Amino acid sequence: MSTLRIQPSTTSAISSTIKNLHLGFSFRLPCKNYGVSKRPRNLSVMAVATDPLEVCVKASSTSPNRLGDCPFCQRVLLTIEEKHLPYDMKLVDLGNKPEWFLKISPEGKVPVIKLDEKWLPDSDVITQSLEEKYPDPPLGTPPEKASVGSKIFSTFIGFLKSKDPSDGSQQALLNELNSFNDYIKENGPFINGGKVSAADLSLGPKLYHLEIALGHYKNWSVADSLPHVKSYMKTIFSMDSFIKTRALPDDVIVGWRPKVFG
Ligand SMILES: N[C@@H](CCC(=O)N[C@@H](CS)C(=O)NCC(=O)O)C(=O)O
């Protein structure tokens, strides 16, 4: 195992490490949060670091030691980032899954996270558990808004895979994007109004994949007639947490290739 210590990028960061772990890699990202312990009367604020969360995510298939192109992994990382929790990322090569990973994720899927000494799969379950365990800042989306935009991803995949321009798959995606445009116009800038919430952290990575994959494989982009979808994407894609956790465009392109040509 080799360890590379990187200088923290912010004054509040505790440490950054990159560790080689068997066939995967582990990154400790700058820890922004210091849990404030009970304050002794004669002392000023005492900062106590929280143990980093361990999270297994997809490794890049184009660049060594980089995060890969899994939108479900990015959703989990965004949630952790927005809650200002420290974490260690273990990069898993999904094309050659190591034994240690299959032991903790028998289905062989990422993301998986260690919470209360148990490895937990599935981004729905993980983000819900993070919300319960670390309620501040709250990121929950009210149930009546939680499924806004939720059909965009499946219609995007339908259009991306389509080889028949007249099969209605492009229109199906446009219908979903139109509804979303109207919703954000009335309720935006985020799904739950003024603040980012769990539904945005799920949808944002999927829109990122949509933009890159449809741009590359179909020469297609979100039309100017959908300005609220465009501004929503711009807002989410420029969040610090998003920039820090996004996949490389080349990985997104390589990742969708089997769906397009398979
Ligand atoms: N429902 C799961 C889906 C996770 C998933 O499909 N992950 C993909 C990567 S994006 C995976 O691990 N696939 C296994 C493989 O490629 O072998 C979630 O929300 O976490």
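The values are calculated or read from the model by the stated rules, or taken from the named source; none is laboratory data. No experiment lies behind these values; they were computed from the predicted model shown. Glycine also receives a Cβ, built like all others from the backbone with ideal geometry; neighbour counts cover every protein chain displayed.
Which of the residues spanning region 64-104 are at positive phi and surrounded by 16 or more Cβ atoms within 10 Å (Cβ to Cβ)?
Once the filter is applied, which keeps residues that are at positive phi and surrounded by 16 or more Cβ atoms within 10 Å (Cβ to Cβ), region 64-104 yields only His84.
Does Lys259 meet the test of being assigned to a helix (DSSP H, G or I) and touching a residue at least 40 places away in the same chain (Cβ under 8 Å)? Show your work before the answer.
Values: assigned to a helix (DSSP H, G or I): yes; touching a residue at least 40 places away in the same chain (Cβ under 8 Å): yes.
For Lys259, the condition - assigned to a helix (DSSP H, G or I) and touching a residue at least 40 places away in the same chain (Cβ under 8 Å) - is met.
Of all the listed residues (Lys133, Lys161), the sole one being of a type in the set (Lys, Arg) and closer than 17 Å to Ala213 by Cα is Lys161.
Scanning region 56-63 turns up no residue that is free of Cβ contacts under 8 Å to residues at least 40 places away in the same chain and surrounded by fewer than 16 Cβ atoms within 10 Å (Cβ to Cβ). Only residues that are more than 15 Å from the ligand (Cβ to nearest atom), within 19 Å of Leu77 (Cα to Cα) and of a type in the set (Ser, Thr, Tyr) were counted in region 106-155, giving 2.
Does Glu131 satisfy being under 29 Å from Phe237 (Cβ atoms), surrounded by fewer than 20 Cβ atoms within 10 Å (Cβ to Cβ), modelled with pLDDT of 95 or more and not aliphatic (A, V, I, L, M)? So Glu131 fits the description; yes. Filtering region 185-222 to residues that are under 17 Å from Ser169 (Cα atoms) and of a type in the set (A, V, I, L, M, F, W, C) leaves Leu207, Leu210, Ala213, Leu214, Trp220, Val222.
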